[in-house]
1. Please enumerate the residues belonging to the range A:868-887 that are modelled with pLDDT of 80 or more and within 18 Å of A:Leu764 (Cα to Cα).
2. Among the numbered criteria (1) within 11 Å of chain B (Cβ to nearest Cβ); (2) assigned to a helix (DSSP H, G or I); (3) buried (at least 18 other Cβ atoms within 10 Å of the Cβ), which one does A:Trp12 miss?
3. Pick out the one residue from A:Glu125, A:Glu145, A:Glu139 that is modelled with pLDDT under 90, among the charged types (D, E, K, R) and closer than 26 Å to B:Phe82 by Cβ.
4. Looking at the structure I just gave you, is B:Ala95 within 21 Å of A:Asp65 (Cα to Cα), within 10 Å of another protein chain (Cβ to nearest Cβ), over 12 Å from the mean Cα position of the chain (by Cα) and small (Gly, Ala, Ser)?
5. If I ask for residues that are within 22 Å of A:Asp834 (Cα to Cα), in contact with a Phe, Trp or Tyr (Cβ under 7 Å, 6 or more places away or on another chain) and assigned to a helix (DSSP H, G or I), which ones from the range A:779-807 would you list?
6. Filter the range A:80-129 down to the residues that are part of a loop (DSSP other than H, G, I, E, B) and within 11 Å of another protein chain (Cβ to nearest Cβ) and list them by number.
7. Taking A:Glu507, is it loosely packed, with under 14 Cβ neighbours inside 10 Å and farther than 30 Å from A:Ile654 by Cβ?
8. Spot the failing condition for A:Ile76; the list is (1) more than 12 Å from chain B (Cβ to nearest Cβ); (2) assigned to a helix (DSSP H, G or I), and only one is missed.
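The values are calculated or read from the model by the stated rules, or taken from the named source; none is laboratory data. Nothing here was measured: the structure is a model prediction, and the numbers come from that model. Quick reminder, even Gly has a Cβ in these numbers, built from the backbone with ideal geometry, and neighbours come from all protein chains shown.
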Amino acid sequence: MKFLNSIIARIWGPFGLMAVSLLLLVGIYIPNQQKGTLREFQSAELKELVKSMAINISVAGKYDDWTRLTEIFADISERPSLEFAVLLLEFNGKETLVASNPPNVSMEAVNNARSNDLFVEAPIEGGIFQGKVVILGSEAFLSSETARLNFPLVVAMALVITAVILLYFFFLRGVALPLQAVRGAAERIREGDLSKPMDIDTNIRELKSMNMALDGLRNGLLEQRNTNLALTKGMENEIQRQTKDLRKTLDELQDSRNLFGNIIESALDAMVIADGQSRIVEWNRKAEQIFGWSREEALGQKLTKLIIPQIHRDNHDKGMSNYHATGQGPALNNLFETQALRRDGTTFDIELYITTVKIGKEEVFSSFIRDITAAKQMSQDLERQRELNSALLNGLPMLITLKDEDLRYTFVNDSALKELKQDRSDMIGKRENEVFDTDWVEDSMKRDRAVWNGETDSAEEKTLTRGGVSSHFLIGRYLISVGKENPTSYLLTYGFDISTLKAVQKELESALSTKNEFLATVSHEIRTPLHSIIVLSELLNQHDRIDERDEFSQNIRSSSRHLLNMVNDILDFSKASAQRLELAPADMDVTEFTDGLIRVDKDQRSSEVSFIKDIQGCEGVTVHADQTRLNQVLQNLLSNAFKFTEKGEVKLQIIGVRKNDTFSMKFAVSDTGIGISNENKKKVLNAFEQGNSGIARKFGGTGLGLGIVSKLLQLMDSELVLESQLNEGTTFRFEVSFPLIKQQASASPTAHTAPPTFQSIKMLYVEDMHPNQMVMKAMCKPWNVDLTIASSGQEAIERCKQESFDVVLLDIQMPEMDGIEAIKVLQTIDNFMDNTPVHAFTAHAESEDYERFLNLGFSGVLTKPLTPDQLREFLLTHLKHEHSDRH
Amino acid sequence: MRCFIILLALGWNGALFAQMGTPVGNDLDPGPLTETELKEIFLGNKSIWDNNNPVTVVLTSSDSEGFAKVAGWALEAGAFEFQKHWLSIVFQGRANAPVFLNSEEEVLAYIRGHKGAIGLLYTLPVPPELTVETP
């Protein structure tokens, strides 16, 4: 651009363009145009020539007129414009190169030239010669002709260019170079070089004037420079002085700034300074730690984008707008809590103090930020812990208060407030005598002070009566200390409401008393038959009392049965209390059952008491029921009825009713005995209790009977109903339903028709106690059972190895080897257990014991005591079993 | 039968190996011309006589019997091949085109009127002044 504005460019630019244009026109465009025109002319000429040649050859062949051929063809070889001419004739449909000019032009060369626009051809037709004449124009000829035609133009152009170059040098020397000298002089003046005078060598008038003007300017500037030098010297001195002062000020400012920076950097809180557009201008190290942004990253960023959470950004923007409008800001100069945004996007709690600082005309906002996440968390934890403790203390079902050294309440739990019917605000900070106006206050405060003074004070029981209702409390006091370094002591007072415990204690004491009475009764009831058994047994050995032996034996048997029934009652009640009493239902012939009732009650009936049995609707019915337990219920009721009836009657009424698949039986046992007062009606159904202790003494019994009856009826989904009038009589009623069993032809009993013989049974009885061995011998003797007795498990095993038995009765509890160990060994003897039933004979009469023994491999279980009838039944069953096996 | 085959062969070859006619010419200067030299002349391979007269070959029309005989004698080929031969050498500028006339009388008349002209007669007697000496 600089060059284009120069004089040389401005003057010689058009000349240069003209020269170049001329060069392009004369050197390229015109020759090309000429060459093209020549090519067209030549192509047309060649077409005419080849056409003429073809026609003449046709004429020669047709009319034998060869006159023109020599002339035309001779002319071809002389034409410089032809590259070649070729004669092609057809023979047998194929074109053959016959002749060419110049010679030796190949067919390949002809084919290669076909694309050239100077390639022309004409057909030979109408004569004997069939073919074509081909001519290719000469490119060299065209080029030489073009050059020839353009030669004058080239010469003219060369002359013009030469003239232009000469003009250029003339102008350069005469105008351009002097002008450059003037410019150089002006440049020197501009650069301050005024030492050289203006000495431009030129004859051009205008340039000479310019040289003189420049020289005048140089002289003027030289004078001005000298003046300026003097002024500059003075100014330099002044500037040096001011610079020195400024440097000092700057150093002080830098020191101040360093101090300020150090304070900011070392601050424990984050410091963020922002301008009026909320752009961060200062960001200390603590801010880097808290927010996660480095100083370089934070500077220049908007507060809202970097550290203000989304939910607070609108408020911030409104606050800033408000401040700009009014100069007021509620957040300014106030310490408050809010939330901030970390680099990772999480928000956290901060404590923020914002103040404004005016720097020049601009106000900046300085924020002091403290991360209070941990402190807040700790505060929340403490609050939660306090609430937990408070809830714990308030939730405890006891009265709790705390008092300070001045015996003023500092804490009262909800239970205490509720019990004392006070509001917390009425108690906290006050002494007991300021809250309560009661007689126990003075004593209570004395006890409080005693505990404060280090005197031990055991818990006391206190009875509070409110609204006529008395409550018993257990009050305790002791000192507690809170804190490690400077502990604070409090007096903790607690109070338990022990009214319920007191009631339970009373009940327990009553129960204990009843138990004691029961134990005394049981002791009496056991001792009474034992006394009869022991005394009468000794009397049996006195020979002078032989005539009374039957009566003694009968009495011993009756006492033993009574004793056994009592023991069974105790065991049953024990099982019922432990919820272990269970029914064992089986097929029960109701008629047989009712018949059996008559027979069993016979021994207990007083001669003055008649027994009436009213059985209805029970004939021919079989039900699924626990006959033993049902019998036990009726025996107890009948036993009681006979026991408490001295004269009159005892009536048993049974009414059976079929209901679909069940059989309902209504039982009523009534007597005309002493009856039960209304007061004692509830008691009689409780265990251990009879109407009054005098009854037990008068009538005997443990008092367990009706309790067991009630439990058994509960198991049968029934309930005992008591109707009684004192001195008139009592009726017990209950109703039970049993599933009906289809009647089957019952086997005719044979056991009672004729005394069985057990001589065929060979039995081994394993028992370590001699009396029991003798009992077994005595029972078996009438039946001639082949009895073998072994005194231990080991001896039994030896016996079983030596001989075979039809049945083995194995006592469980024996020294050395007990029954369980023994059967395990017996099971190892080949085929022994397959051929010999081994029955457990034990006093362990619980149902789970039965199951355990059967699981161990016992064939059955016999319970002690075993009566002769029961042994007889067992042997009969075994005899039947043996017979069926043998059959 | 054998004789017939020989005769047929000779008759077939007669066109190819025809006898040279009697040469006639005007102002030829080579002296006696052998048959070979005559062949070269009628094949266009000679273009000027020693006396600088141009060689002009005069032939009867291309469809005449005389032309076929000249072709058979000089080129040992047919009339068309002989025409093509002449066309080729004329095209290349190596020879002047021959003159074709309708009869031997016209041939004689032409030769008589043009120096350096030469022809072959098969039917007419050769005038003494146009006789071409042969060895």
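1. At the first step, the residues of the range A:868-887 found to be modelled with pLDDT of 80 or more are A:868-876.
If the condition is that a residue be modelled with pLDDT of 80 or more and within 18 Å of A:Leu764 (Cα to Cα), then A:Pro868, A:Gln870, A:Leu871, A:Arg872, A:Glu873, A:Phe874, A:Leu875, A:Leu876 are the ones that fit.
2. (1)
3. Numbers: A:Glu145 fails: closer than 26 Å to B:Phe82 by Cβ; A:Glu139 fails: closer than 26 Å to B:Phe82 by Cβ.
Selected residue: A:Glu125, the only one of A:Glu125, A:Glu145, A:Glu139 that is modelled with pLDDT under 90, among the charged types (D, E, K, R) and closer than 26 Å to B:Phe82 by Cβ.
4. yes
5. A:Cys800
6. Within the range A:80-129, A:Pro102, A:Pro103, A:Asn104, A:Val105, A:Gly127, A:Ile128, A:Phe129 qualify.
7. Here the answer is yes, as A:Glu507 does meet what is asked.
8. That leaves (1) as the condition not met.
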